Amino acid sequence: MELQSAYLYLAMSAYCDTKNFNGFAHWLKKQSEEEHSHAMKFYQHLLERGAEIELKPLGAPEEEYGSFLSFFEQVQHLILLKL
């Protein structure tokens, strides 16, 4: 789940970059990095306990988000999932 979130945040960051929302793109990229960091902590935790790691494919994120209201609602939804 953490890697999927990281991937989605990164896709959203790229989308904002193309729309010249540079500040928001930067923030979303930082969120992606944070989610990736969480995933790596889980990964390391499992390795330290002798677990066998099996990586599965990630679903492709959306490329278009409709209106900016819809885009921000999706970001808000992601944030609320993490609370």
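Things worth noting here:
- Mean separation of Cα contacts under 8 Å, 6 or more apart, over the residue count of segment 2-82: relative contact order %: 33 percent
- Spatially close Lys pairs in segment 2-82, defined by Cα atoms under 20 Å apart and a spacing of eight or more places or different chains, total 8.
- Relative to the Cα centre, the charge distribution of the chain, modelled as +1 at Lys and Arg Cβ and -1 at Asp and Glu Cβ, gives a dipole magnitude of about 200 debye.
- Of Leu69, Pro57, Asn22, farthest towards positive along the dipole that unit charges on Lys, Arg, Asp, Glu beta carbons give the chain: Asn22
- Loop-resident GluC sites (Glu not before Pro) (DSSP state other than H, G, I, E or B) in the chain with no more than 10 further Cβ atoms inside 10 Å of their Cβ: Glu52, Glu54, Glu63, Glu64.
- Modelled spin labels at Gln76 and Lys19, positioned 7 Å past Cα toward Cβ, are 1.4 nm from each other.
- Whole-number D in µm² s⁻¹ for segment 2-82, Kirkwood Cα-pair radius fed into Stokes-Einstein, 25 °C, 0.890 mPa s: 179 µm²/s
- Residue-span extension gain [Ala39 to Leu55] - 0.36 nm each, minus C-alpha spacing: 4.6 nm
- Cα→Cβ-extended label distance, 7 Å offset, between Glu62 and Gln4, nm: 1.6 nm
- At most 12 other Cβ within 10 Å, DSSP loop - trypsin sites (Lys or Arg not before Pro), segment 34-83: Arg49
- Of all complete DSSP H helices in the chain, those with a Cα span along the helix axis of 15 Å or greater and a mean Kyte-Doolittle hydropathy of 0.5 or more are 68-82.
Only the coordinates and a few stated rules stand behind these numbers; no lab work does. Bear in mind the structure is a predicted one, so any value in this text is a computation, not a measurement. Positions of Cβ are generated from backbone atoms using ideal geometry, with glycine treated the same way; all protein chains shown enter the neighbour counts.
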